[in-house]
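Report on the following structure.
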Amino acid sequence: MSSVDIPREQWATRIGFIFAAVGSAVGLGNIWRFPFQVGQEGGAAFLLIYLLFIVLIGFPAMLVEFVVGRYTERNPVGALKEVGSGAWEYVGWIFIATGFVILSYYSVVAGWTIRYTLLGLQDGYLADAAEAEGQFVELASGLDAILFHALFMGVVIVIVAYGIQRGIELAVKVMVPAIILITIGMAVYAFTLDGASEAYAYYLSPEFSVIAAEWTSILPAAAGQAFFTLSLGMGVMITYASYLGEDRNLAEDGAIVIGFDTAIAFITGLIVFPILFTAGVDPADPGAGAIFVSLAAAFGDLTLGWLIGTIFFGTVAIAALSSAISLMEVVVSYIIDERGVDRSRAAIGIGGGMFLLGIPSAYDLVLLDLFDLFADQILLVLGGLLLTILVGWLISDLAVRELERGIGDLGSIGTAWVWAVRVPVVLALVAALYLGILEYIAFIQEGFLPWLTEQ
Ligand code: TRP
(Lines give C-alpha, C1' and ligand atoms only; values in the text may rest on other atoms or scores of the structure.)
Protein backbone atom coordinates (compact mmCIF):
# COMPACT_ATOMS: atom_id res chain seq x y z
CA MET A 1 0.00 0.00 0.00
CA SER A 2 1.47 3.32 -1.03
CA SER A 3 0.01 5.12 1.97
CA VAL A 4 2.38 3.41 4.38
CA ASP A 5 5.19 5.87 3.75
CA ILE A 6 3.06 8.93 4.52
CA PRO A 7 2.95 9.40 8.32
CA ARG A 8 -0.60 9.27 9.60
CA GLU A 9 -1.93 12.49 11.01
CA GLN A 10 -2.68 13.03 14.70
CA TRP A 11 -4.61 15.55 16.79
CA ALA A 12 -2.37 18.38 17.98
CA THR A 13 -4.02 18.63 21.41
CA ARG A 14 -6.26 16.65 23.73
CA ILE A 15 -8.87 19.38 23.63
CA GLY A 16 -8.76 19.16 19.83
CA PHE A 17 -9.85 15.54 19.94
CA ILE A 18 -12.54 16.22 22.53
CA PHE A 19 -13.92 19.20 20.62
CA ALA A 20 -13.94 17.21 17.40
CA ALA A 21 -15.91 14.42 19.05
CA VAL A 22 -18.27 16.92 20.70
CA GLY A 23 -18.64 18.72 17.38
CA SER A 24 -19.58 15.45 15.72
CA ALA A 25 -22.05 14.53 18.43
CA VAL A 26 -23.74 17.91 18.72
CA GLY A 27 -25.71 18.44 15.54
CA LEU A 28 -29.13 18.26 13.99
CA GLY A 29 -29.78 15.34 16.33
CA ASN A 30 -29.65 17.64 19.34
CA ILE A 31 -31.34 20.71 18.01
CA TRP A 32 -33.78 19.40 15.41
CA ARG A 33 -34.44 15.77 16.27
CA PHE A 34 -34.34 15.82 20.06
CA PRO A 35 -37.11 18.37 20.73
CA PHE A 36 -39.51 16.73 18.33
CA GLN A 37 -38.80 13.31 19.79
CA VAL A 38 -39.57 14.70 23.25
CA GLY A 39 -42.74 16.25 21.85
CA GLN A 40 -43.88 13.05 20.15
CA GLU A 41 -42.95 10.64 22.89
CA GLY A 42 -44.57 12.24 25.92
CA GLY A 43 -42.40 15.11 27.17
CA ALA A 44 -40.52 14.67 30.43
CA ALA A 45 -41.17 10.92 30.52
CA PHE A 46 -39.13 10.54 27.34
CA LEU A 47 -36.42 12.84 28.68
CA LEU A 48 -35.96 10.62 31.73
CA ILE A 49 -35.62 7.39 29.75
CA TYR A 50 -33.33 9.09 27.26
CA LEU A 51 -30.96 10.23 30.01
CA LEU A 52 -30.93 6.73 31.43
CA PHE A 53 -30.06 5.23 28.02
CA ILE A 54 -27.28 7.73 27.41
CA VAL A 55 -25.53 6.40 30.51
CA LEU A 56 -26.47 2.74 30.19
CA ILE A 57 -26.07 2.28 26.43
CA GLY A 58 -24.40 5.35 24.94
CA PHE A 59 -21.41 5.46 27.25
CA PRO A 60 -20.33 1.78 26.94
CA ALA A 61 -20.95 1.88 23.17
CA MET A 62 -18.82 4.97 22.71
CA LEU A 63 -15.92 3.30 24.51
CA VAL A 64 -16.26 0.35 22.12
CA GLU A 65 -15.57 2.63 19.17
CA PHE A 66 -12.80 4.49 20.97
CA VAL A 67 -10.81 1.36 21.82
CA VAL A 68 -11.10 -0.07 18.30
CA GLY A 69 -9.91 3.21 16.79
CA ARG A 70 -7.00 3.81 19.13
CA TYR A 71 -5.85 0.21 19.05
CA THR A 72 -5.75 -0.10 15.26
CA GLU A 73 -4.98 3.51 14.27
CA ARG A 74 -6.92 2.89 11.10
CA ASN A 75 -10.10 3.84 9.28
CA PRO A 76 -13.14 1.65 10.10
CA VAL A 77 -12.60 -0.85 7.25
CA GLY A 78 -8.91 -1.28 8.04
CA ALA A 79 -9.68 -1.38 11.76
CA LEU A 80 -12.16 -4.20 11.45
CA LYS A 81 -9.88 -6.10 9.13
CA GLU A 82 -7.30 -5.94 11.87
CA VAL A 83 -9.34 -6.83 14.96
CA GLY A 84 -11.84 -9.14 13.34
CA SER A 85 -10.99 -11.38 10.49
CA GLY A 86 -12.58 -12.57 7.30
CA ALA A 87 -16.10 -11.30 6.94
CA TRP A 88 -15.78 -8.61 9.67
CA GLU A 89 -14.20 -6.38 7.08
CA TYR A 90 -17.65 -6.03 5.53
CA VAL A 91 -18.96 -4.43 8.70
CA GLY A 92 -16.48 -1.68 7.98
CA TRP A 93 -18.07 -1.43 4.57
CA ILE A 94 -21.49 -0.94 6.16
CA PHE A 95 -19.99 2.01 8.07
CA ILE A 96 -18.64 3.57 4.91
CA ALA A 97 -21.95 3.13 3.09
CA THR A 98 -23.86 4.57 6.04
CA GLY A 99 -21.64 7.64 6.17
CA PHE A 100 -22.07 8.16 2.46
CA VAL A 101 -25.86 7.95 2.62
CA ILE A 102 -26.30 9.97 5.83
CA LEU A 103 -24.18 12.90 4.68
CA SER A 104 -25.98 13.01 1.32
CA TYR A 105 -29.27 14.06 2.94
CA TYR A 106 -27.84 15.57 6.14
CA SER A 107 -26.31 18.16 3.83
CA VAL A 108 -29.73 18.89 2.32
CA VAL A 109 -31.23 19.52 5.78
CA ALA A 110 -28.17 21.56 6.72
CA GLY A 111 -28.77 23.57 3.53
CA TRP A 112 -32.24 24.45 4.84
CA THR A 113 -30.68 25.78 8.04
CA ILE A 114 -28.46 28.13 5.99
CA ARG A 115 -31.51 29.19 3.98
CA TYR A 116 -33.45 29.88 7.19
CA THR A 117 -30.55 31.85 8.66
CA LEU A 118 -30.70 34.15 5.65
CA LEU A 119 -34.49 34.30 5.77
CA GLY A 120 -34.39 36.12 9.10
CA LEU A 121 -32.08 38.75 7.62
CA GLN A 122 -34.17 39.19 4.47
CA ASP A 123 -37.94 39.11 5.01
CA GLY A 124 -38.22 37.73 8.54
CA TYR A 125 -40.26 34.66 9.45
CA LEU A 126 -43.96 34.17 8.73
CA ALA A 127 -46.09 34.19 11.87
CA ASP A 128 -49.01 32.32 10.33
CA ALA A 129 -48.53 28.57 10.75
CA ALA A 130 -50.10 27.63 7.43
CA GLU A 131 -48.04 30.19 5.55
CA ALA A 132 -44.89 29.09 7.37
CA GLU A 133 -45.62 25.54 6.31
CA GLY A 134 -46.13 26.64 2.70
CA GLN A 135 -42.83 28.46 2.79
CA PHE A 136 -41.04 25.43 4.18
CA VAL A 137 -42.45 23.18 1.44
CA GLU A 138 -41.29 25.65 -1.14
CA LEU A 139 -37.76 26.02 0.24
CA ALA A 140 -37.18 22.41 1.28
CA SER A 141 -37.22 20.94 -2.23
CA GLY A 142 -36.20 22.11 -5.65
CA LEU A 143 -33.54 24.40 -7.00
CA ASP A 144 -33.19 26.41 -3.80
CA ALA A 145 -32.58 23.29 -1.76
CA ILE A 146 -30.04 21.96 -4.25
CA LEU A 147 -28.08 25.21 -4.25
CA PHE A 148 -27.79 25.37 -0.48
CA HIS A 149 -27.00 21.66 -0.36
CA ALA A 150 -24.12 22.35 -2.77
CA LEU A 151 -22.92 25.30 -0.72
CA PHE A 152 -22.89 23.30 2.51
CA MET A 153 -21.15 20.30 0.95
CA GLY A 154 -18.55 22.65 -0.53
CA VAL A 155 -17.65 23.99 2.92
CA VAL A 156 -17.40 20.46 4.33
CA ILE A 157 -15.06 19.46 1.49
CA VAL A 158 -12.77 22.43 2.13
CA ILE A 159 -12.46 21.72 5.88
CA VAL A 160 -11.85 17.99 5.42
CA ALA A 161 -9.36 18.63 2.62
CA TYR A 162 -7.21 20.66 5.03
CA GLY A 163 -6.76 17.57 7.18
CA ILE A 164 -6.92 16.73 10.84
CA GLN A 165 -4.94 19.53 12.47
CA ARG A 166 -5.31 22.41 10.06
CA GLY A 167 -8.82 21.54 8.93
CA ILE A 168 -11.00 19.69 11.39
CA GLU A 169 -9.23 20.58 14.64
CA LEU A 170 -8.99 24.26 13.82
CA ALA A 171 -12.63 24.43 12.70
CA VAL A 172 -14.03 22.71 15.79
CA LYS A 173 -11.98 24.86 18.15
CA VAL A 174 -13.95 27.83 16.82
CA MET A 175 -17.30 26.18 16.25
CA VAL A 176 -17.81 24.17 19.43
CA PRO A 177 -17.26 27.03 21.94
CA ALA A 178 -19.53 29.21 19.77
CA ILE A 179 -22.29 26.58 19.85
CA ILE A 180 -22.02 26.22 23.63
CA LEU A 181 -22.07 29.97 24.35
CA ILE A 182 -24.91 30.79 21.98
CA THR A 183 -27.03 27.90 23.24
CA ILE A 184 -26.68 29.04 26.84
CA GLY A 185 -27.43 32.63 25.85
CA MET A 186 -30.59 31.59 24.05
CA ALA A 187 -31.78 29.54 27.03
CA VAL A 188 -31.41 32.62 29.22
CA TYR A 189 -33.44 34.58 26.69
CA ALA A 190 -36.12 31.85 26.57
CA PHE A 191 -36.38 32.00 30.36
CA THR A 192 -37.76 35.54 30.06
CA LEU A 193 -40.66 34.51 27.80
CA ASP A 194 -44.26 34.31 29.05
CA GLY A 195 -44.65 30.64 28.24
CA ALA A 196 -41.50 29.59 30.09
CA SER A 197 -42.98 28.25 33.32
CA GLU A 198 -45.63 26.22 31.51
CA ALA A 199 -42.91 24.86 29.22
CA TYR A 200 -40.66 23.85 32.11
CA ALA A 201 -43.50 22.00 33.78
CA TYR A 202 -44.10 20.05 30.59
CA TYR A 203 -40.44 19.37 29.94
CA LEU A 204 -39.21 18.67 33.44
CA SER A 205 -41.83 16.84 35.48
CA PRO A 206 -42.21 13.31 34.19
CA GLU A 207 -45.52 11.53 34.57
CA PHE A 208 -44.78 7.93 35.33
CA SER A 209 -48.17 6.91 34.00
CA VAL A 210 -46.99 8.04 30.55
CA ILE A 211 -43.96 5.74 30.75
CA ALA A 212 -46.13 2.83 31.86
CA ALA A 213 -48.60 3.36 29.03
CA GLU A 214 -46.18 4.18 26.21
CA TRP A 215 -43.03 2.25 26.98
CA THR A 216 -43.12 0.18 23.80
CA SER A 217 -42.59 3.30 21.75
CA ILE A 218 -40.60 5.36 24.27
CA LEU A 219 -37.86 2.75 24.84
CA PRO A 220 -36.81 2.17 21.21
CA ALA A 221 -37.14 5.85 20.36
CA ALA A 222 -34.91 6.76 23.30
CA ALA A 223 -32.35 4.08 22.41
CA GLY A 224 -32.25 5.22 18.77
CA GLN A 225 -31.90 8.84 19.76
CA ALA A 226 -29.08 8.02 22.20
CA PHE A 227 -27.16 6.30 19.42
CA PHE A 228 -27.74 8.93 16.78
CA THR A 229 -26.96 11.91 18.96
CA LEU A 230 -23.64 10.44 20.09
CA SER A 231 -22.61 9.71 16.48
CA LEU A 232 -22.38 5.99 17.19
CA GLY A 233 -22.88 3.11 14.79
CA MET A 234 -20.83 4.09 11.79
CA GLY A 235 -17.26 4.42 12.88
CA VAL A 236 -17.00 8.18 13.48
CA MET A 237 -15.55 7.57 16.92
CA ILE A 238 -13.31 4.79 15.56
CA THR A 239 -11.94 7.21 13.00
CA TYR A 240 -11.47 10.11 15.42
CA ALA A 241 -9.84 7.89 18.06
CA SER A 242 -7.49 6.51 15.40
CA TYR A 243 -5.79 9.91 15.29
CA LEU A 244 -4.94 9.77 19.00
CA GLY A 245 -1.26 9.43 19.62
CA GLU A 246 -0.55 9.11 23.33
CA ASP A 247 -2.42 7.05 25.87
CA ARG A 248 -5.23 9.11 27.23
CA ASN A 249 -7.93 8.09 29.57
CA LEU A 250 -10.60 7.15 27.07
CA ALA A 251 -13.29 6.69 29.70
CA GLU A 252 -12.75 10.24 30.91
CA ASP A 253 -12.74 11.63 27.36
CA GLY A 254 -15.92 9.69 26.58
CA ALA A 255 -17.63 11.02 29.70
CA ILE A 256 -16.72 14.60 28.77
CA VAL A 257 -18.01 14.19 25.21
CA ILE A 258 -21.24 12.64 26.42
CA GLY A 259 -21.65 15.30 29.10
CA PHE A 260 -21.42 18.10 26.55
CA ASP A 261 -23.71 16.42 24.05
CA THR A 262 -26.36 15.72 26.65
CA ALA A 263 -26.11 19.22 28.09
CA ILE A 264 -26.62 20.80 24.67
CA ALA A 265 -29.64 18.60 23.91
CA PHE A 266 -31.10 19.34 27.32
CA ILE A 267 -30.55 23.10 26.98
CA THR A 268 -32.07 23.03 23.49
CA GLY A 269 -35.27 21.83 25.15
CA LEU A 270 -35.06 24.83 27.47
CA ILE A 271 -34.98 27.04 24.38
CA VAL A 272 -37.47 25.37 22.07
CA PHE A 273 -40.32 24.59 24.47
CA PRO A 274 -40.64 28.07 26.02
CA ILE A 275 -40.72 29.52 22.50
CA LEU A 276 -43.38 27.03 21.36
CA PHE A 277 -45.50 27.51 24.49
CA THR A 278 -45.24 31.28 24.22
CA ALA A 279 -46.47 31.13 20.63
CA GLY A 280 -49.26 28.75 21.67
CA VAL A 281 -48.03 25.72 19.70
CA ASP A 282 -48.65 22.22 21.08
CA PRO A 283 -45.21 20.56 21.34
CA ALA A 284 -46.66 17.18 20.39
CA ASP A 285 -47.78 18.64 17.06
CA PRO A 286 -44.84 19.79 15.01
CA GLY A 287 -43.20 16.49 14.02
CA ALA A 288 -40.21 16.50 11.74
CA GLY A 289 -40.89 19.97 10.37
CA ALA A 290 -40.77 21.28 13.94
CA ILE A 291 -38.02 23.82 13.85
CA PHE A 292 -38.65 24.93 10.27
CA VAL A 293 -42.41 25.34 10.63
CA SER A 294 -43.66 25.79 14.20
CA LEU A 295 -40.52 27.32 15.57
CA ALA A 296 -40.04 29.54 12.53
CA ALA A 297 -43.66 30.68 12.90
CA ALA A 298 -43.03 31.36 16.58
CA PHE A 299 -40.06 33.55 15.60
CA GLY A 300 -42.45 35.38 13.29
CA ASP A 301 -44.61 36.09 16.33
CA LEU A 302 -41.97 37.27 18.81
CA THR A 303 -40.55 40.76 19.25
CA LEU A 304 -37.18 40.80 17.48
CA GLY A 305 -37.99 37.27 16.35
CA TRP A 306 -36.07 37.75 13.10
CA LEU A 307 -32.90 38.33 15.09
CA ILE A 308 -33.45 35.47 17.53
CA GLY A 309 -34.35 33.22 14.59
CA THR A 310 -31.25 34.18 12.62
CA ILE A 311 -29.02 33.41 15.59
CA PHE A 312 -30.86 30.15 16.23
CA PHE A 313 -30.69 28.84 12.67
CA GLY A 314 -27.12 30.06 12.29
CA THR A 315 -26.16 28.00 15.32
CA VAL A 316 -27.92 24.96 13.94
CA ALA A 317 -25.99 25.38 10.69
CA ILE A 318 -22.68 25.50 12.57
CA ALA A 319 -23.61 22.45 14.64
CA ALA A 320 -24.55 20.59 11.46
CA LEU A 321 -21.23 21.53 9.89
CA SER A 322 -19.14 20.17 12.76
CA SER A 323 -21.09 16.90 12.51
CA ALA A 324 -20.88 16.72 8.74
CA ILE A 325 -17.09 16.90 8.73
CA SER A 326 -16.99 13.79 10.91
CA LEU A 327 -19.25 11.92 8.51
CA MET A 328 -17.08 12.84 5.55
CA GLU A 329 -13.87 12.06 7.44
CA VAL A 330 -14.95 8.43 7.93
CA VAL A 331 -15.17 7.87 4.19
CA VAL A 332 -12.16 10.02 3.33
CA SER A 333 -9.93 8.25 5.88
CA TYR A 334 -10.84 4.97 4.24
CA ILE A 335 -9.88 6.22 0.76
CA ILE A 336 -6.61 7.64 2.09
CA ASP A 337 -5.58 4.62 4.22
CA GLU A 338 -6.66 1.81 1.98
CA ARG A 339 -6.41 3.28 -1.49
CA GLY A 340 -3.49 5.66 -1.06
CA VAL A 341 -5.37 8.59 -2.63
CA ASP A 342 -4.30 12.01 -1.40
CA ARG A 343 -6.55 13.89 1.00
CA SER A 344 -7.72 16.76 -1.18
CA ARG A 345 -8.66 14.50 -4.03
CA ALA A 346 -10.40 12.11 -1.71
CA ALA A 347 -12.43 14.93 -0.15
CA ILE A 348 -13.43 16.41 -3.49
CA GLY A 349 -14.32 13.05 -5.01
CA ILE A 350 -16.28 11.80 -2.03
CA GLY A 351 -17.98 15.15 -1.43
CA GLY A 352 -18.95 15.33 -5.10
CA GLY A 353 -20.42 11.85 -4.96
CA MET A 354 -22.33 12.67 -1.78
CA PHE A 355 -23.66 15.82 -3.36
CA LEU A 356 -25.02 13.86 -6.32
CA LEU A 357 -26.56 11.22 -4.08
CA GLY A 358 -28.25 14.01 -2.12
CA ILE A 359 -29.99 15.52 -5.14
CA PRO A 360 -33.03 13.20 -4.91
CA SER A 361 -33.42 14.21 -1.25
CA ALA A 362 -33.42 17.84 -2.30
CA TYR A 363 -35.96 17.05 -5.02
CA ASP A 364 -38.72 15.63 -2.86
CA LEU A 365 -39.21 15.17 0.87
CA VAL A 366 -40.42 11.61 0.36
CA LEU A 367 -37.06 10.66 -1.09
CA LEU A 368 -35.29 12.34 1.82
CA ASP A 369 -37.34 10.17 4.15
CA LEU A 370 -36.49 7.13 2.09
CA PHE A 371 -32.77 7.73 2.58
CA ASP A 372 -33.05 8.96 6.16
CA LEU A 373 -35.08 6.05 7.47
CA PHE A 374 -32.93 3.50 5.71
CA ALA A 375 -29.66 4.91 6.99
CA ASP A 376 -30.81 5.90 10.41
CA GLN A 377 -33.08 3.04 11.43
CA ILE A 378 -31.42 0.17 9.60
CA LEU A 379 -27.82 0.72 8.45
CA LEU A 380 -26.71 2.60 11.55
CA VAL A 381 -28.25 0.17 13.97
CA LEU A 382 -27.05 -2.88 12.04
CA GLY A 383 -23.47 -1.60 11.88
CA GLY A 384 -23.52 -0.69 15.55
CA LEU A 385 -24.94 -4.06 16.51
CA LEU A 386 -22.35 -6.06 14.58
CA LEU A 387 -19.49 -4.01 16.01
CA THR A 388 -20.86 -4.44 19.52
CA ILE A 389 -21.06 -8.20 19.08
CA LEU A 390 -17.51 -8.36 17.76
CA VAL A 391 -16.01 -6.28 20.53
CA GLY A 392 -18.20 -7.49 23.41
CA TRP A 393 -18.24 -11.20 22.63
CA LEU A 394 -15.25 -12.00 20.45
CA ILE A 395 -12.37 -9.70 21.33
CA SER A 396 -13.32 -8.43 24.77
CA ASP A 397 -9.93 -9.23 26.36
CA LEU A 398 -8.15 -7.12 23.81
CA ALA A 399 -10.74 -4.37 24.26
CA VAL A 400 -10.37 -4.23 28.04
CA ARG A 401 -6.59 -4.15 27.75
CA GLU A 402 -6.84 -1.26 25.31
CA LEU A 403 -9.23 0.62 27.59
CA GLU A 404 -6.78 0.13 30.47
CA ARG A 405 -4.03 1.87 28.48
CA GLY A 406 -4.01 5.35 29.96
CA ILE A 407 -6.20 4.40 32.92
CA GLY A 408 -4.52 1.51 34.70
CA ASP A 409 -5.91 -1.78 35.93
CA LEU A 410 -9.70 -1.70 35.73
CA GLY A 411 -10.45 -4.92 37.58
CA SER A 412 -14.15 -5.53 37.96
CA ILE A 413 -15.03 -2.24 36.25
CA GLY A 414 -13.62 -3.68 33.02
CA THR A 415 -15.82 -6.73 33.44
CA ALA A 416 -18.83 -4.54 34.13
CA TRP A 417 -18.15 -2.62 30.94
CA VAL A 418 -17.88 -5.80 28.88
CA TRP A 419 -21.19 -7.07 30.25
CA ALA A 420 -22.88 -3.73 29.66
CA VAL A 421 -21.78 -4.04 26.04
CA ARG A 422 -22.74 -7.71 25.74
CA VAL A 423 -26.26 -7.50 27.08
CA PRO A 424 -28.01 -4.11 27.40
CA VAL A 425 -26.36 -2.56 24.36
CA VAL A 426 -26.92 -5.64 22.19
CA LEU A 427 -30.55 -6.00 23.32
CA ALA A 428 -31.32 -2.34 22.73
CA LEU A 429 -29.86 -2.55 19.25
CA VAL A 430 -31.67 -5.76 18.35
CA ALA A 431 -34.97 -4.21 19.44
CA ALA A 432 -34.23 -0.97 17.61
CA LEU A 433 -33.31 -2.87 14.45
CA TYR A 434 -36.46 -4.96 14.53
CA LEU A 435 -38.69 -1.91 15.00
CA GLY A 436 -36.69 0.03 12.45
CA ILE A 437 -37.26 -2.61 9.79
CA LEU A 438 -40.99 -2.71 10.52
CA GLU A 439 -41.17 1.04 10.30
CA TYR A 440 -39.25 1.08 7.04
CA ILE A 441 -41.55 -1.49 5.45
CA ALA A 442 -44.56 0.55 6.55
CA PHE A 443 -43.02 3.67 5.08
CA ILE A 444 -42.36 1.97 1.73
CA GLN A 445 -45.95 0.75 1.57
CA GLU A 446 -47.72 3.84 2.83
CA GLY A 447 -45.38 6.65 1.84
CA PHE A 448 -43.01 5.74 -0.94
CA LEU A 449 -45.04 3.45 -3.24
CA PRO A 450 -48.12 5.72 -3.33
CA TRP A 451 -45.78 8.64 -4.11
CA LEU A 452 -44.10 6.63 -6.87
CA THR A 453 -47.36 5.69 -8.58
CA GLU A 454 -48.40 9.35 -8.55
CA GLN A 455 -45.33 10.41 -10.51
N1 TRP B 1 -24.58 13.07 16.09
C2 TRP B 1 -24.94 13.99 15.05
C3 TRP B 1 -26.19 14.73 15.43
O4 TRP B 1 -26.70 14.57 16.51
C5 TRP B 1 -25.18 13.33 13.76
C6 TRP B 1 -24.08 12.45 13.34
C7 TRP B 1 -22.85 12.83 12.98
C8 TRP B 1 -24.10 11.06 13.31
N9 TRP B 1 -22.11 11.72 12.71
C10 TRP B 1 -22.87 10.64 12.92
C11 TRP B 1 -25.08 10.16 13.59
C12 TRP B 1 -22.59 9.32 12.84
C13 TRP B 1 -24.80 8.84 13.49
C14 TRP B 1 -23.57 8.41 13.14
O15 TRP B 1 -26.69 15.49 14.63
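What's the center-to-center distance, using Cα atoms, between region 397-453 and region 27-67 in Å? If you average the Cα positions of each part, the centres end up 13 Å apart. Taken over the chain, the convex hull of the Cα atoms encloses 137 Å³ per residue.
Contact order for region 339-426, expressed relative to its length and based on alpha carbon pairs under 8 Å spaced 6+ residues apart, stands at 24 percent. Given +1 at the Cβ of Lys and Arg, -1 at the Cβ of Asp and Glu and no other charges, the dipole of region 326-446 around its Cα centre is 300 debye to the nearest 20.
Ranking I267, V67, S205 by how far each Cα lies toward the positive end of the dipole of the chain (charges on Cβ) leaves V67 at the top.
Toward the positive end of the charge dipole of the chain, with +1 on the Cβ of Lys and Arg and -1 on the Cβ of Asp and Glu, the farthest Cα among Y334, F148, V172 is that of Y334. About its Cα centre, region 106-223 has a charge dipole of approximately 740 debye under the convention of +1 per Lys or Arg Cβ and -1 per Asp or Glu Cβ, with nothing else charged. Using Cα pairs closer than 8 Å and at least 6 residues apart in sequence, work out the relative contact order for region 251-310, in percent. Reported as a whole number, the value is 22 percent. Peptides 12-19, 267-274, 53-60, 82-89 ranked from most to least packed by the mean count of surrounding Cβ atoms within 10 Å: 267-274, 53-60, 12-19, 82-89.
Dividing the convex hull volume of the alpha carbon atoms of region 120-236 by its residue count gives 212 Å³ per residue. Specify which residue in the list V108, I218, L276 is farthest towards the positive end of the charge dipole of the chain, using unit charges on the beta carbon of Lys, Arg (+1) and Asp, Glu (-1), about the Cα centre. Checking the options against the dipole of the chain, the answer is V108. Put a plus charge on the Cβ of each Lys and Arg, a minus charge on the Cβ of each Asp and Glu, and nothing anywhere else: the dipole of the chain about its Cα centre is then about 1200 debye. Once region 223-338 is represented by equal point scatterers at the alpha-carbon sites, with solvent omitted, what log10 I(q)/I(0) does the Debye formula produce at q = 0.18 Å⁻¹? After summing over all Cα pairs, the log10 values are -1.03.
Rolling a 1.4 Å probe over the protein heavy atoms leaves Y202 with an accessible area of roughly 60 Å². Long hydrophobic helices in the chain: the complete DSSP H runs spanning 15 Å or more by Cα along their own axis with mean Kyte-Doolittle hydropathy of at least 1.0 are 14-25, 89-122, 143-161, 170-191, 208-229, 250-278, 305-339, 426-443.
The values are calculated or read from the model by the stated rules, or taken from the named source; none is laboratory data. In this text, all values refer to a predicted model and were calculated from it rather than measured experimentally. Counting neighbours? That spans all protein chains shown, and the Cβs are built from the backbone with ideal geometry, glycine included. With ligands, DNA and RNA removed, areas are computed over all heavy atoms of the protein, side chains included. Shrake-Rupley method; radii C 1.70, N 1.55, O 1.52, S 1.80 Å.
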